[in-house]
Structures are given as structure tokens and as C-alpha cells.
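The values are calculated or read from the model by the stated rules, or taken from the named source; none is laboratory data. As the structure is a prediction and not an experimental result, all values here were calculated from the model. Methodologically, a virtual Cβ is constructed for each residue, glycine included, from the backbone with ideal geometry; neighbour enumeration extends over all protein chains shown. When the accessible area is computed, the model is the full protein with side chains, heavy atoms only, and any ligands, DNA or RNA have been set aside. Shrake-Rupley method; radii C 1.70, N 1.55, O 1.52, S 1.80 Å.
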Amino acid sequence: MLKNKNIYTVAIAGATGLTGRELLEVLEEREFPVGDLVLLASERSEGERLEFRGKKWTVKRLGKGSFPDVDLAFFVAGEERARDFTPSAVSSGAVVIDGSGAFSDDPKVPLIVPEINAAMTGNHTGIIACPSPGSTAVAMALQPIHAAATVRRAVITTFEPVSGAGKKAMDELAGQTVALLNFRDVEKKVFPHQIAFNCLPQIGEVLDNGSTRDEARMEREVAKVLGSAGLRISTTAVRVPVFRGYAISLNIETERPLPPNEARALLSQAHGVVVCAPVSAKRVAPWLKFAPLQPVVL
Ligand SMILES: NC(=O)c1ccc[n+]([C@@H]2O[C@H](COP(=O)([O-])OP(=O)(O)OC[C@H]3O[C@@H](n4cnc5c(N)ncnc54)[C@H](OP(=O)(O)O)[C@@H]3O)[C@@H](O)[C@H]2O)c1
């Protein structure tokens, strides 16, 4: 259990990566009561210095002895590091928040989207898991509809940015784009095919059932967050050549009929969801009757 303190010692495993750096910014922006900070990465980054609240903090190499006195340890250094090092963090007394997906289908590990199931954090035994960004967005959009009309089936298509594959993937998109615009050959290291000016309909390896790893993760995570193991989900995930930002389409079937206006009203009241009302009535097909809703930010 996280001790109730005025300030916390926080560790970030994967601090030099895209997610680790983002996490540092969020901790600073939200004025999280960080006392001491332990920044961890591979031997490649050992000694690098990262800024947090105007002070430089030295990055150390992640190891089993990295967690004495750590209260809260964020793991954003990949699944293998999560499996190898979270046991040491937990046995040192830290609460681990894992963003790698390593524990998302472990029944002992709560999978949390705070807007939906924050209360489940009370059941943790040292590790709390976060769903992927795509699963989080889908769960937040489905939850209010599921609560009101029970979602039976969801067909999901995701268009995922290269940021989801880490810093090297963003560099690869930038490098390939510059190369192509200068009539040079592209270099491929992160993605198996050219990503610049291209779409790759495969994220992660293909599993025995024909889904990709990313698609399977989405399906099990959304069902777990909604607490609805029987929910039938079919996902297609496509990597698109943009740096950041997801687009996701959701086609759902509910147990009881749910008119679009009611769905829109439910979504507009949901925590963290913004409903964008049509900008101009002229742009709306005449057969669509929208309720006079304004965009609502909650
Ligand atoms: N990108 C996203 O949108 C996103 C969102 C949520 C969660 N995540 C999860 O966060 C994790 C990192 O993703 P990312 O996109 O931030 O990747 P990234 O930019 O490639 O960063 C990877 C981080 O892991 C560290 N690392 C790699 N191998 C290591 C090792 N052997 N020992 C210690 N540290 C090691 C890297 O350290 P070096 O700099 O020293 O190599 C770096 O800090 C993944 O598990 C991913 O699923 C990603």
C-alpha cells in the first residue's frame, strides 16, 4: 500500500524514453509531491542528466538494487524490464505502476483507468497496470454507453502514430520523410517496411489466432477495464505516418436500442470525454438530427 506522506520518492524505469520524459513533464505540471527522484534506464544512458523542476538529475542504470526507499516506481522501459525488475521494486516496498502491458492480463494486477475504475487500485498487491493509450481511449468512450445500455459487441479500428513505438520510431519517420523528399533511399530499423507516406496494417507480431499483439492487447484490456469478460471485441490496428495522436473508430452493438442523441448525451457527461458538436449545420447530412449539444469538457 502506498504510504500516506507529504512527499514521495519516485523512480522512473525508462526515464530517458518517450514515455519516461512525458511522465516527468506530467509530474512537474501536476505538482506531484516528489521529494527524491530516481531516474533509471539502460547502460547506454547511464550518467545522462534530465531536468525536473529546474534541477538536473543523473540517470542511473536499472538494476535489482535500484529501489531502496522508493515509494512509487513507474515502469516504462518495456515488458522484459517490467518482468525482470518489478519484483525487486515491490519487495523493496515500492508500489509499481506499470505501463508496459506486461501484467495487463494478470488477474492479481488491477488494470486502471482512473476515470473508470480508480476504486480497484485498493486491490493491488504491489503492482498497478495501465492500459495502452489506445485501450484507455476506447474504454473511456465505451464505459458510459456500456453502463447505460450494455455493449454486446465492438468492432474497433485504430490508426496509431509512430510515437506508440518509442523515440527511435519517431526518428525513423522523420529520417525517412526527409530522405524521400530528397530522392534518397529510406533506412528501415524500427518498422519492417517504410513508414513515411505509408500505412502498416500490423502492429506487433501476428499471433496464432491471426490477430496482432497490439490488437489482442486492446481486446483483453478493454474487456478487463470495463469488467466485462464476455464483451466481444474485434480490432484492426494500423500504424499511420503521423508523429502523435490516435484516431479510433468504434462500431458497437448494445443490448437495448440506443438512439444517437442519447449516446451523445451520455458521452458529453462522461469524465474526460469531449463531444464535438457539428461546427456548421450546413455540413451535417440532412438525415442526421443532432440534439443542440455544445462541446462539453469535463
Ligand atoms: N510510447 C507510448 O505512447 C507509450 C505509452 C504508454 C506506455 N508505453 C510503454 O512504455 C514503454 C517504453 O515505451 P517508449 O515509447 O517510451 O519507448 P522508448 O522511447 O524507446 O524508451 C524506452 C526506455 O526504456 C529504456 N530501456 C530500454 N532497454 C532497457 C534496458 N535493458 N534496461 C533499462 N532500461 C531500458 C530506455 O533506456 P535507454 O534510453 O538507455 O535506451 C528508455 O528509457 C513500453 O513498454 C511501452 O509499451 C509507451
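Going through the range 71-82 one residue at a time, which ones are of a type in the set (D, E, K, R) and open to solvent by 30 Å² or more (accessible area, probe 1.4 Å)? It would help to see each step written out before you state the result.
Residues of the range 71-82 of a type in the set (D, E, K, R): 71, 79-81.
Result: 79, 80, 81.
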| said: Just the residues that are away from the ligand (no atom under 12 Å from the Cβ) and without any contact (Cβ under 8 Å) to a residue 60 or more places away in the chain, please, taken from the range 1-25. | reply: 4, 6, 7, 25
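If you take the residues of the range 118-142 that are open to solvent by 10 Å² or more (accessible area, probe 1.4 Å), in a helix (DSSP H, G or I) and closer than 13 Å to residue 221 by Cα, which of them is farthest from the ligand (Cβ to nearest atom)? Step through it out loud before you land on a result.
Here is the first cut: in the range 118-142, the residues open to solvent by 10 Å² or more (accessible area, probe 1.4 Å) are 118-125, 127-128, 130-133, 136-137, 140-141.
Still in the running and in a helix (DSSP H, G or I): 118-123, 133, 136-137, 140-141.
Of the ones still in play, those that are also closer than 13 Å to residue 221 by Cα are 133, 136-137, 140.
Working: 133: 5, 136: 9, 137: 12, 140: 15 Å.
Across the range 118-142, the extreme among qualifying residues is 140.
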| said: So the check is Cβ under 6 Å with 6+ separation or different chains; which pairs have a first residue in the range 28-51 that's within 16 Å of residue 76 (Cβ to Cβ) and a second one that's of a type in the set (Val, Ile, Thr) and open to solvent by 50 Å² or more (accessible area, probe 1.4 Å)? | reply: none
| said: Just to check your reading of the model, which residue among 136, 121, 157, 150 is out of contact with any Ser or Thr (no Cβ under 8 Å at 6 or more places or on another chain), of a type outside the set (Lys, Arg) and under 30 Å from residue 259 (Cα atoms)? | reply: 136
| field | Failed condition for residue 116, given (1) closer than 18 Å to residue 23 by Cα; (2) in contact (Cβ under 8 Å) with a residue 40 or more places away in the chain | value | (1)
| task | Identify all residues within the range 234-252 that are surrounded by 13 or more Cβ atoms within 10 Å (Cβ to Cβ) and closer than 14 Å to residue 141 by Cα; write none if there are none. | result | 246, 247, 248, 250, 252
| Selected residue [near the ligand (Cβ under 8 Å from one of its atoms), surrounded by 12 or more Cβ atoms within 10 Å (Cβ to Cβ) and more than 21 Å from the chain's Cα centre (by Cα)] from 34, 59, 38 | 59
| If you go through the range 146-168 one residue at a time, do you hit one that is part of a helix (DSSP H, G or I) and either closer than 23 Å to residue 107 by Cα or aromatic (Phe, Trp, Tyr) (or both)? | yes
| note | Per the filter on the range 207-247, residues farther than 24 Å from residue 191 by Cβ and in a loop (DSSP other than H, G, I, E, B) are 226, 227, 228, 229, 230, 231
| query | Within the range 83-111, how many residues are in contact (Cβ under 8 Å) with a residue 40 or more places away in the chain and either touching an Asp or Glu at 6+ places or on another chain (Cβ under 7 Å) or open to solvent by less than 30 Å² (accessible area, probe 1.4 Å) (or both)? | reply | 7
| query | Of the residues in the range 77-111, how many are more than 13 Å from the ligand (Cβ to nearest atom) and of a type in the set (Lys, Arg)? | reply | 1
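Listed here are the residues, each with its yes/no results for (1) of a type in the set (Asp, Glu); (2) part of a loop (DSSP other than H, G, I, E, B); (3) in contact with a Pro (Cβ under 9 Å, 6 or more places away or on another chain); (4) at pLDDT 95 or above.
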{"position": "36", "(1), (2), (3), (4)": "yes, no, no, yes"}
{"position": "44", "(1), (2), (3), (4)": "no, no, no, yes"}
{"position": "47", "(1), (2), (3), (4)": "no, yes, no, yes"}
{"position": "50", "(1), (2), (3), (4)": "no, no, no, yes"}
{"position": "58", "(1), (2), (3), (4)": "no, no, no, yes"}
{"position": "63", "(1), (2), (3), (4)": "no, yes, no, yes"}
{"position": "66", "(1), (2), (3), (4)": "no, yes, no, yes"}
{"position": "70", "(1), (2), (3), (4)": "no, yes, no, yes"}
